[in-house]
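Colleague: There's a structure below that I have some questions on.
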Amino acid sequence: MTSVEYAGIGRLVDITWVQHCLANDDGKPVQLFTAITKAPTLNVVGLVDETLGDEYSCELWASAPAILPLQPPEGYDKVICHDPTSEVAIEDWAPEVLKEWGMFFQKGLINAEEIKEMRSYVDEEISKTEDLMKEHHPEIEIGKDTFHFKEIASRGNGRFDLLLQSESAKEFVEQKIRSQVTTLLEKTLGTDSELDFDVSVIYSKPGSQNQGWHCDGEHQKGAKDSEWEPDGWKTILAETYALCLFIPLVDINEETGYTQYWPGSHRNRSLVGFGPVAEIAQSTWNGKCSAGDAMWYDYRLFHRGTANTSSLLRPIVQVLFKKKWYVERANYGEDSITYKEEEETEPDTEPDAEHSEDANKEH
Ligand SMILES: O=C(O)CCC(=O)C(=O)O
């Protein structure tokens, strides 16, 4: 990072160069730079263009009210994918990577037999829940309409997020997953007694389209982000309060679609709406991997699912490990699929602990 003063446009212009990476523009190589400046951006571009001389030119690809994270010059794989042959254990390697990039990739967390076992729970719950939907909400066109129930949500477009309620699925997570990652969680999120988890399946049906960029959880009110500091992820950014673990149950490729992440985008709350810039800047990490692999990300990280052009369902197990005080309410509705019937027969007067008014307040 360097701060340079350029003489031009009638005064000195202060530019702090933050990061650079290689990209291409219709096959032509380009060097992308991120920089911080208070000067009008177009003036800065003109000035840099002039400074570069005739051989190179400079143009503005994006400006934002936060530092736009770029892919590191060595590429993401070297920094966010744990090397299973490395002598450094994932528990020792992951905390810093997660802090800096908001995500990491772990090869083969569950094996073929375990994938099959989990798939059977998932298939059963999908079919049971969709049958319930058809029975209680024949007016909803599953796959087309948007809905938010307590158990399942869909933003239309053939994509669903279903909370797994069965004891078998929860036990599977306890025994086959949580037991393997206790130390990893302790070093990245918190001790066993501070945490709990929700388990769901995110599934997209053949024909589902690209999803919009989003983060599943916001920066908490009053919690600091990285501000304008290039190493603010190290010095200022609030600790994460929730980690999401994605485990695909099928091999993930271009046709099935994949989860596309913007590493580093957890650093600043003002990056909302800038996901498409990550695509233009070729700074996404595309989660094409094998069934059973694990993608871990900070709940504040921007990501999206890409289109499923295959003929296969794409189910991804999602385990949300979180501080107990954080209650997930943004991604599901308040009412159960069967709510109307329950209300008519037996009014529910008990306060709903999961959705209490105090949940998710400032911490
Ligand atoms: O389908 C995917 O790969 C990711 C989906 C996702 O992020 C979501 O539904 O919130």
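Colleague: Run Ile115 past the list (1) under 26 Å from Cys21 (Cα atoms); (2) out of contact with any helix residue (DSSP H, G or I) (no Cβ under 8 Å at 6 or more places or on another chain); (3) assigned to a helix (DSSP H, G or I) and report the number of the one that doesn't hold.
Modeller: Unmet condition: (1).
Colleague: Six or more apart or on different chains, Cβ under 9 Å: which pairs go from a residue in region 202-223 that's over 17 Å from Pro263 (Cα atoms) to one that's within 11 Å of the ligand (Cβ to nearest atom) and of a type in the set (Phe, Trp, Tyr)? Could you list them?
Modeller: Note: pairs meeting the criteria are Ile202/Phe160; Ile202/Phe246; Tyr203/Phe160; Ser204/Phe160; Lys205/Phe160.
Colleague: Out of Lys144, Lys150, Lys134, Lys128, report the one residue that is farther than 25 Å from Tyr297 by Cβ and assigned to a loop (DSSP other than H, G, I, E, B).
Modeller: Lys144
Colleague: So, one more: Select from region 301-332 the residues that are of a type in the set (Lys, Arg) and touching a helix residue (DSSP H, G or I) at 6+ places or on another chain (Cβ under 8 Å) and write down the one among them that is nearest to the ligand (Cβ to nearest atom). Spell out the reasoning first.
Modeller: So the first thing to find is which residues in region 301-332 are of a type in the set (Lys, Arg), and the list is 304, 314, 322-324, 329.
Right, trim to touching a helix residue (DSSP H, G or I) at 6+ places or on another chain (Cβ under 8 Å) and you get 304, 323-324, 329.
On the way: Arg304: 6, Lys323: 20, Lys324: 22, Arg329: 15 Å.
Ranking the qualifying residues of region 301-332, first place goes to Arg304.
Colleague: Here is a follow-up. So which strands (runs of 3 or more DSSP E) stay within region 1-85 end to end and still have 3 or more residues that are modelled with pLDDT under 90?
Modeller: On the way: elements: 2-8, 11-25, 28-37.
Filter on region 1-85 gives 2-8, 11-25.
Colleague: Here's a follow-up. So the check is Cβ under 8 Å with 6+ separation or different chains; which pairs have a first residue in region 313-325 that's under 21 Å from Gly207 (Cβ atoms) and assigned to a loop (DSSP other than H, G, I, E, B) and a second one that's among the polar types (S, T, N, Q) and within 16 Å of the ligand (Cβ to nearest atom)?
Modeller: Close Cβ pairs satisfying both conditions: Leu313/Ser204.
Colleague: Here is a follow-up. Taking the options Leu312, Leu320, name whichever one is within 18 Å of Leu164 (Cβ to Cβ), surrounded by fewer than 21 Cβ atoms within 10 Å (Cβ to Cβ) and at pLDDT 95 or above. Spell out the reasoning first.
Modeller: Values: Leu312 fails: within 18 Å of Leu164 (Cβ to Cβ).
Among Leu312, Leu320, only Leu320 is within 18 Å of Leu164 (Cβ to Cβ), surrounded by fewer than 21 Cβ atoms within 10 Å (Cβ to Cβ) and at pLDDT 95 or above.
Colleague: Same structure again: Going through Ala294, Ala353 one at a time, which residue ends up being more than 13 Å from the ligand (Cβ to nearest atom), at pLDDT 95 or above and of a type in the set (A, V, I, L, M)?
Modeller: On the way: Ala353 fails: at pLDDT 95 or above.
Within the list Ala294, Ala353, the selection yields Ala294.
Colleague: Please go through region 162-172 and pick out each residue that is surrounded by fewer than 20 Cβ atoms within 10 Å (Cβ to Cβ) and either over 16 Å from Glu130 (Cβ atoms) or within 16 Å of the ligand (Cβ to nearest atom) (or both). Working first, answer last.
Modeller: Of region 162-172, the ones surrounded by fewer than 20 Cβ atoms within 10 Å (Cβ to Cβ) are 165-168, 170-171.
Listed by number, the residues that qualify are Glu167, Ser168, Lys170, Glu171.
Colleague: What's the number of the only condition in (1) crowded, with 19+ Cβ neighbours inside 10 Å; (2) within 30 Å of Thr188 (Cα to Cα); (3) outside the structural domain of Cys289 (by TED's automatic domain parsing) that Ala64 fails to meet?
Modeller: Going through the list (1) crowded, with 19+ Cβ neighbours inside 10 Å; (2) within 30 Å of Thr188 (Cα to Cα); (3) outside the structural domain of Cys289 (by TED's automatic domain parsing), Ala64 breaks only (1).
Colleague: Would you check if Lys288 is touching a residue at least 24 places away in the same chain (Cβ under 8 Å), assigned to a strand (DSSP E or B) and basic (Lys, Arg)?
Modeller: It is false that Lys288 is touching a residue at least 24 places away in the same chain (Cβ under 8 Å), assigned to a strand (DSSP E or B) and basic (Lys, Arg).
Colleague: Quick one: would you say Gly222 is surrounded by fewer than 19 Cβ atoms within 10 Å (Cβ to Cβ), within 12 Å of the ligand (Cβ to nearest atom), part of a loop (DSSP other than H, G, I, E, B) and of a type in the set (Gly, Ala, Ser)?
Modeller: On the way: surrounded by fewer than 19 Cβ atoms within 10 Å (Cβ to Cβ): yes; within 12 Å of the ligand (Cβ to nearest atom): no; part of a loop (DSSP other than H, G, I, E, B): yes; of a type in the set (Gly, Ala, Ser): yes.
For Gly222, the condition - surrounded by fewer than 19 Cβ atoms within 10 Å (Cβ to Cβ), within 12 Å of the ligand (Cβ to nearest atom), part of a loop (DSSP other than H, G, I, E, B) and of a type in the set (Gly, Ala, Ser) - is not met.
The values are calculated or read from the model by the stated rules, or taken from the named source; none is laboratory data. A quick note: this is a predicted structure, and the numbers were derived from the prediction, not measured. Don't worry about glycine lacking a Cβ; one is built from the backbone with ideal geometry, like all the others, and counts go over all protein chains shown.
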